[in-house]
Structure formats: C-alpha cells, structure tokens
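**Q** Questions regarding the structure given below will be posed in turn.
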C-alpha cells in the first residue's frame with residue numbers, strides 16, 4: 001500500500017487553499033500511477049477491463065470506498081472501461097484528499113476480482 005493510500009481523506013468545506021505550483025507537482029509525483037493532473041483542477045485516470053461486468057464491479061467498489069471516506073469522485077462507466085475524475089468541489093480544485101482518494105482507488109484496481117483493471121494502451125498518433 002502506498003504512503004498516500006494509508007492517509008485519510010479529510011472532509012473539506014472550503015476555506016482550504018487549492019494545491020498549486022510546487023506543492024501540486026510534488027504530490028502528483030508521489031501519486032504516480034498514470035493519474036493526470038488536468039489544468040491544475042482535477043485528477044483523471046481511465047482503466048480498461050475485459051467486459052462490462054468487471055468494469056461495473058470496479059465502479060461499485062469505488063462507490064463503496066467513496067461513501068466510506070466521504071469523498072466522491074465523478075465516475076464514467078462504459079463497456080470495458082472506467083474513467084474517474086477527482087477534485088474537491090468546495091474549493092474548485094485539488095486538495096491533498098483528492099490524491100489520497102486516487103491512491104486508494106489504485107489499490108482497489110490492483111485487487112480487482114477477475115483481472116486487475118489496467119491502463120489503456122496509448123494510441124499512436
């Protein structure tokens with residue numbers, strides 16, 4: 001389990017500054033795992049699965065985790081794919097808890113029941 005995944009998500013009700021600059025870059029490096037910081041606003045990652053049922057099961061595990069830690073990502077489900085976007089709505093950007101949740105989701109993906117969820121191959125453009 002990563003150091004980030006062992007931390008707790010701390011509920012944010014605003015009044016906390018968004019992560020920016022060096023602090024944002026540092027925690028993004030710590031997270032790794034293929035997560036992208038998009039426009040300094042949110043984290044994004046997509047996984048592939050062998051079928052719809054596996055993808056749905058992964059989404060359900062993400063949902064259970066989100067309820068447990070009271071931090072709710074945006075999740076998109078499609079046949080054989082799951083996309084997750086995370087940011088702290090109360091501050092309109094990224095907080096440490098977003099990175100903690102992302103690390104916890106990576107842990108879920110690595111323990112997927114049928115086959116581990118995987119990152120898609122990069123397209124050759």
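**Q** Quick one: residue 19 ticks every box in (1) surrounded by fewer than 18 Cβ atoms within 10 Å (Cβ to Cβ); (2) at pLDDT 90 or above; (3) more than 14 Å from residue 83 (Cα to Cα) bar one, so which box is it?
**A** Answer for residue 19: the failing condition is (1).
**Q** Among the residues of region 67-82, write down those that are modelled with pLDDT of 95 or more and either surrounded by 15 or more Cβ atoms within 10 Å (Cβ to Cβ) or assigned to a loop (DSSP other than H, G, I, E, B) (or both).
**A** Those that are modelled with pLDDT of 95 or more and either surrounded by 15 or more Cβ atoms within 10 Å (Cβ to Cβ) or assigned to a loop (DSSP other than H, G, I, E, B) (or both): 73, 75, 77, 82.
**Q** Restricting to region 27-66, name every residue that is in contact (Cβ under 8 Å) with a residue 40 or more places away in the chain, part of a helix (DSSP H, G or I) and over 20 Å from residue 111 (Cβ atoms).
**A** The answer is 27, 28, 30.
The values are calculated or read from the model by the stated rules, or taken from the named source; none is laboratory data. Quantities reported herein were computed from a predicted structural model and do not represent experimental measurements. Counting neighbours? That spans all protein chains shown, and the Cβs are built from the backbone with ideal geometry, glycine included.
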